[in-house]
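A quick write-up on the structure given underneath.
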Amino acid sequence: MTAFAQRTAADLNEAYGDLPPGELLKLLFTWYPASQTSFANSFGLEDIVIQHLLLSFPEQAESFVLDTGRLPEETYELIERWRLRFGLRPRIFSPRADLLDEFLSENGPNAFYQSQILRKSCCGIRKLEPLTRALAGKTAWISGLRREQSSARASLEVFAYDEDQRLKLSPLANWNLDQVWTYVREHNLPYNRLHDQGYPSIGCAPCTRAVSAGEDLRSGRWWWETDLQRECGLHTPRSERTEHATPQR
Ligand code: SF4
């Protein structure tokens, strides 16, 4: 890591936080070799914008997908469409079979509906543990988070350091949904067809539903829960997570 990149997140946001997404990515790759960076690509609308921007760099951050095993068929189709059109081959991280087998045996296949603790345990096994493996050895990562997506993300900054002191860049933090759609349409990018069916945010199939006009963009995620902080933990400090990455007994 260069001394440049060791500046505080507040300094980086002050100095560079208003740069356009492509410039932010360029800056990141001047601080860190692309081989030390990763892009968490869920193939959501924001992520396909970032993925498209990354394709313009000669050396790219490694894109990875957390394949929970419960993604909608439309998301798998989209991954395939990017593979065919752009030759994109993201690394796929699946849940550890031993953890999943034990959790499913104990709690059943749809335990997430039973309690928030079980839901977060499922996210822990299917998302958080694979994320730890995906980021191992990386010094920076890129996310498609936007401030406007939910009240829980309202204070999102373009630059942040995660708890492992990796620099986390959210190049679209300042963008609104119109800007995202404009980019997708101008570049005719393949996108998840669920977006045309009322799904602004798409996660696992059993935990995502369509939302109505005017609803919070993430209100279709874990819709049965009353807690408005509807996050899976991928972007939540460990101290604020209540999930368990091991099966509940
Ligand atoms: Fe499990 Fe639902 Fe979390 Fe996916 S979103 S990991 S199915 S609880």
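The values are calculated or read from the model by the stated rules, or taken from the named source; none is laboratory data. Keep in mind it's a predicted model, so treat the numbers as computed, not measured. Counting neighbours? That spans all protein chains shown, and the Cβs are built from the backbone with ideal geometry, glycine included. Note: accessible area is taken over every heavy atom of the protein model, side chains too, but ligands, DNA and RNA are not part of it. Shrake-Rupley method; radii C 1.70, N 1.55, O 1.52, S 1.80 Å.
Numbers for the structure displayed
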{"item": "Subset of the stretch 188-214 (residues that are outside any loop (DSSP other than H, G, I, E, B), surrounded by 17 or more Cβ atoms within 10 Å (Cβ to Cβ) and within 12 Å of the ligand (Cβ to nearest atom))", "result": "C207, T208"}
{"item": "Residue match in the stretch 85-106 (condition: in contact with a strand residue (DSSP E or B) (Cβ under 6 Å, 6 or more places away or on another chain) and open to solvent by less than 40 Å² (accessible area, probe 1.4 Å))", "result": "yes"}
{"item": "Residues (of a type in the set (D, E, K, R) and at pLDDT 95 or above) located in the stretch 167-214", "result": "K168, D178, R185, E186, R193, D196"}
{"item": "Enumeration of residues in the stretch 57-80 that are part of a loop (DSSP other than H, G, I, E, B) and modelled with pLDDT of 95 or more", "result": "D67, T68, G69, R70, L71, P72"}
{"item": "Candidates T37, T68 - the one that is open to solvent by less than 10 Å² (accessible area, probe 1.4 Å), under 28 Å from A140 (Cα atoms) and in contact with an Asp or Glu (Cβ under 8 Å, 6 or more places away or on another chain)", "result": "T37"}
{"item": "Selected residue (criterion: nearest to G22 (Cα to Cα)) from residues of the stretch 149-165 that are in contact with a helix residue (DSSP H, G or I) (Cβ under 7 Å, 6 or more places away or on another chain) and buried (at least 19 other Cβ atoms within 10 Å of the Cβ)", "result": "V158"}
{"item": "Failed item, numbered, when S56 is tested on (1) closer than 26 Å to S155 by Cα; (2) polar (S, T, N, Q); (3) without any contact (Cβ under 8 Å) to a residue 40 or more places away in the chain", "result": "(1)"}
{"item": "Tally, over the stretch 215-249, of residues that are within 14 Å of the ligand (Cβ to nearest atom), surrounded by fewer than 14 Cβ atoms within 10 Å (Cβ to Cβ) and either modelled with pLDDT of 65 or more or assigned to a helix (DSSP H, G or I) (or both)", "result": "2"}
{"item": "S143 vs. criteria more than 15 Å from the ligand (Cβ to nearest atom), exposed (fewer than 13 other Cβ atoms within 10 Å of the Cβ), of a type in the set (G, A, S) and in contact (Cβ under 8 Å) with a residue 12 or more places away in the chain", "result": "no"}
{"item": "Residues being touching a helix residue (DSSP H, G or I) at 6+ places or on another chain (Cβ under 9 Å) and open to solvent by 10 Å² or more (accessible area, probe 1.4 Å) - total across the stretch 45-62", "result": "10"}
